[in-house]
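Structure first, then comments.
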Amino acid sequence: MSLWYWGGLAVLIVLLAGAAPWGNAQIATTTATLSGVIVDPSGALVPAATITLTSPEKGVTRQFITSVDGRYAFIQLPPSTYILTVSAKGFETYKQTGIALNPSDTATQNVSLVVGTQNQSITVSADASQLNTDNSNVATSLDGKQIVELPLNVRNIYGLATLNSSVQNTSEGQLLLGGGSNTTDTADQDISFMNFAGGFFGTTAFLVDGSWDTDTEWGGVIFVPGVDSVQEFKIQNNSFTAQYGWSTGNVVNVVTKSGTHDFHGSAYEFYSS
């Protein structure tokens, strides 16, 4: 083959290799999954049951009809608080409120129906089971309420990472770059000089809404979202499932709010005497 062919192929390989972190980052999970099985009082599977999942906050409505195995599954759900309704011929309608699903949650909610008519109903106010039996990911997460109420120096969302017992601030990264200490510098990115779980600086992946937010040159964070715009802050310890396998350390995943039907705003200032 010609020299032009091999030269072009080499350039293509280099470009694909350089773009790998960005491509991989797009598969990071920022949605949730809810699944379960519908049974009758004897434990037998209930086919043809209508499962409806709604989120008044997000304006989301999903519906599922169980097959002969009585199972249902809702995938790629936007993080929110949901209402689960189950109806089937010959059984009372089941309704469960307060199912809080956070980004990357894999929740299970099995339902046992009671014999009766669909005009009768049972309402339960409780969360879905958050016991994760699908993977071995270990994570610490903070929701939006905790994020806005916990004190943060200069309102930098990544300061929350130090709440994890495996995380410590370090000046190692800045010393390697000829910089100062992260406790005195005020740039948004300075706070990301951290060691996670005894690992080396620069081995952690920072993600925002599943997209790569890590500087490939020195391993720190690139963009720092505003505190009020963040819905969840999560630190995941290795080992990970395949979607995070390209990180050699921990993963810090920030998920921003997608908005609601209502207008929201906030204001703040720093005051020093």
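The values are calculated or read from the model by the stated rules, or taken from the named source; none is laboratory data. This structure is a prediction, so every number in the text was calculated from the model and none was measured. In this analysis, Cβ positions are derived from the backbone assuming ideal geometry, glycine residues included, and neighbour counts consider all displayed protein chains. The accessibility values were calculated without ligands, DNA or RNA, using every heavy atom of the protein model including side chains. Shrake-Rupley method; radii C 1.70, N 1.55, O 1.52, S 1.80 Å.
Quick notes on this one:
Per-residue answers, yes or no, for (1) at pLDDT 90 or above; (2) more than 23 Å from the chain's Cα centre (by Cα); (3) open to solvent by less than 50 Å² (accessible area, probe 1.4 Å); (4) charged (D, E, K, R):
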{"site": "THR30", "(1), (2), (3), (4)": "no, no, yes, no"}
{"site": "THR33", "(1), (2), (3), (4)": "no, no, yes, no"}
{"site": "ALA48", "(1), (2), (3), (4)": "yes, yes, no, no"}
{"site": "THR54", "(1), (2), (3), (4)": "yes, no, yes, no"}
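- Long-range neighbours under 6 Å by Cβ, at least six apart or interchain, first residue farther than 15 Å from LEU160 by Cα and assigned to a strand (DSSP E or B) within region 193-207, second of a type outside the set (Ser, Thr, Tyr) and at pLDDT 75 or above: ALA205/VAL251
- Tally of residues being out of contact with any Phe, Trp or Tyr (no Cβ under 8 Å at 6 or more places or on another chain) and either β-branched (Val, Ile, Thr) or over 24 Å from ASP143 (Cβ atoms) (or both) across region 62-94: 17
Yes or no, residue by residue, for (1) more than 21 Å from the chain's Cα centre (by Cα); (2) hydrophobic (A, V, I, L, M, F, W, C); (3) at pLDDT below 70; (4) open to solvent by 50 Å² or more (accessible area, probe 1.4 Å):
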{"position": "GLN120", "(1), (2), (3), (4)": "yes, no, no, yes"}
{"position": "THR123", "(1), (2), (3), (4)": "yes, no, no, yes"}
{"position": "ALA128", "(1), (2), (3), (4)": "no, yes, yes, no"}
{"position": "LEU131", "(1), (2), (3), (4)": "no, yes, yes, yes"}
{"position": "ASP143", "(1), (2), (3), (4)": "no, no, no, yes"}
{"position": "GLY159", "(1), (2), (3), (4)": "no, no, no, no"}
{"position": "SER165", "(1), (2), (3), (4)": "no, no, yes, yes"}
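- Residues that are touching a Leu at 6+ places or on another chain (Cβ under 9 Å) and open to solvent by 10 Å² or more (accessible area, probe 1.4 Å), drawn from region 59-73: VAL60, THR61, ARG62, GLN63, PHE64, VAL68, ASP69, ARG71, ALA73
- Number of the exception - VAL114 against (1) under 26 Å from LEU142 (Cα atoms); (2) surrounded by fewer than 16 Cβ atoms within 10 Å (Cβ to Cβ): (1)
- Some residue of region 83-106 being under 16 Å from ARG62 (Cα atoms), part of a loop (DSSP other than H, G, I, E, B) and out of contact with any His (no Cβ under 6 Å at 6 or more places or on another chain): no
- Taking the criterion of being among the aliphatic types (A, V, I, L, M), under 14 Å from ASN110 (Cβ atoms) and in a strand (DSSP E or B), the residues of region 37-72 that qualify are VAL37, ILE38, VAL39, LEU45, ILE51.
- Scanning region 79-99 for residues that are open to solvent by 40 Å² or more (accessible area, probe 1.4 Å) and modelled with pLDDT under 90 gives a single hit, THR81.
- If you check ASN253, ASN195 for being closer than 20 Å to THR31 by Cα, crowded, with 19+ Cβ neighbours inside 10 Å and either among the polar types (S, T, N, Q) or modelled with pLDDT under 65 (or both), only one passes: ASN253.
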